[in-house]
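Notes follow once the structure below has been shown.
The values are calculated or read from the model by the stated rules, or taken from the named source; none is laboratory data. All of these numbers come straight from a predicted model, not from anything done at the bench. Using ideal geometry, Cβ is built from the backbone for each residue, glycine included, and neighbour counts are taken over all protein chains shown. Surface areas here come from the heavy atoms of the whole protein model, side chains and all, with no ligands, DNA or RNA. Shrake-Rupley method; radii C 1.70, N 1.55, O 1.52, S 1.80 Å.
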Amino acid sequence: RMVKDRQIDILLMQETKRSNVQARDAKSVWPWDHMEFLAVDAEGNSGGLLCIWNPEVFVLSDCCCTRYLFFLSGTSHDLFDCVVLNIYAPTDAVRRRKLWDVIINLKQHFLKPWCMGGDFNEIRFMSDRKGSTRRDRGMLDFNNFIHQLALVDIPLLGRKFTWCNALEGERWSKID
């Protein structure tokens, strides 16, 4: 319902936990008649990426994917060349750092404007987490990544955190 209410043209989903995503699966979350999609299968019960878009709004010209990244290059509204990234970053800091390096390298080859969304599994500031302690190394890597790509962190509306430990409800983070 939210997709339709907000008239969303491109939907990026992470941690689908689905293997072999079919058109009917994508259509179950996409209310519009026109739809194209690409998916990265989950490995067991973790991961999985799904990108759905309206082909009348975004025309795909190039793409690549890994377990943690979907890279879509195309044209929006017949005149705006852009790149859309859907990210589900690893929970391991070393693998996350490698993903940041891959994305930084891609940026050097695709100079058009980028829009990036996803689950980064990292915070920028200690104030982005409540109820747990955290080492600074991953935050430093993440902030360097954001700085190198000149990314803008769009503020959340209506809430401060995007994730909660549902079992205890005492650990909160802004990781998306």
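At most 11 other C-beta atoms within 10 Å and a DSSP loop state: those are the exposed GluC sites (Glu not before Pro) I care about. Give me the longest piece of the chain that has none.
That would be 1-167.
Which log10 I(q)/I(0) values, to two decimals, does region 16-101 give at q = 0.22 Å⁻¹ under the Debye formula with one point per Cα?
-1.09
Any chance you could give the angle, 0 to 90 degrees and rounded to 10, that helix 93-109 forms with the longest Cα principal axis of the chain?
Helix 93-109 and the main axis of the chain meet at about 40 degrees.
How large is the accessible surface per residue of region 1-124, computed with a 1.4 Å probe and reported in Å² as a whole number?
Each residue of region 1-124 exposes 55 Å² on average to a 1.4 Å probe.
Report the one residue of Ala39, Val29, Gln14 whose Cα lies farthest in the direction of the positive end of the charge dipole of the chain (charges on C-beta: Lys and Arg +1, Asp and Glu -1; origin at the Cα centre).
Highest projection toward the positive end goes to Gln14.
Once you charge only the Cβ atoms, +1 for Lys and Arg and -1 for Asp and Glu, what is the size of the charge dipole of the chain about its Cα centre, to the nearest 20 debye?
Dipole of the chain, to the nearest 20 debye: 660 debye.
Which residue, chosen from Leu79, His109, Val94, occupies the Cα position most advanced towards the positive end of the dipole of the chain, where the dipole is computed from +1 (Lys, Arg) and -1 (Asp, Glu) charges on Cβ about the Cα centre?
Val94
Please identify, among Leu106, Leu79, Leu157, the residue showing maximal mean-square fluctuation in a Gaussian network model of the chain using a 10 angstrom Cα cutoff.
Sorting by GNM fluctuation, first place goes to Leu157.
Can you list the lysines whose alpha carbon sits under 27 Å from that of Lys160, skipping same-chain ones fewer than 8 residues off?
Answer for Lys160, where 27 Å is the Cα cut-off: Lys4, Lys17, Lys130, Lys174, listed by chain and number.
If I compute solvent accessible area with a 1.4 Å probe over the protein chains, what percent of it on region 35-117 is carbon and sulfur?
Carbon and sulfur together cover 54 percent of it.
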